[in-house]
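Peer 1: Quick one: this structure, given as structure tokens, is what I'll be asking you about.
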Amino acid sequence: MAQRDKSKKVARSFALSVNDDDLDYTYTIINSSSPTSLRDSIQLLKDQGDVRRVYPIDMPNKALIISTNRGDS
């Protein structure tokens, strides 16, 4: 039986964003493969924009992020 090499596991994050122009918010759900990947993804979003709130979702390695849209208006 072949052995799996767990040391080569790659951390991944996937994000789904919904932009609400009327309320000037963006809602992002992040699904990460590890807690470290989730923290890195959240930090990247914080570095890129105005993150208002981060809510943990009651599932491992997932979070809901609410950001304020930065518009020119």
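Peer 1: What list do you get for Leu45, Leu64 if you sort them by fewest beta carbons within 10 Å? Kindly include the intermediate steps, with their values, before the conclusion.
Peer 2: On the way: Leu45 20, Leu64 13.
Going from least to most buried by this count: Leu64, Leu45.
Peer 1: Then there's this: How large is Rg/Rh for segment 13-68, to two decimals, with Cα atoms and a Kirkwood Rh?
Peer 2: 0.96
Peer 1: Just subtract the alpha-carbon distance of Ile66 and Val54 from 0.36 nm times their residue separation and send over the number in nm, one decimal.
Peer 2: Going from the current span to full extension adds 3.7 nm.
Peer 1: Could you please rank Ile29, Ile65, Ile42, Ile57, placing first whichever residue has the fewest other Cβ atoms within 10 Å of its Cβ?
Peer 2: Ile57, Ile29, Ile42, Ile65
Each reported figure results from applying straightforward, stated rules to the coordinates on display, with no laboratory input. Owing to the predicted nature of the structure, the values given are computational and were not obtained by experimental measurement. Note that each Cβ is placed from the backbone with ideal geometry, even for glycine, and that neighbours are counted across all protein chains shown.
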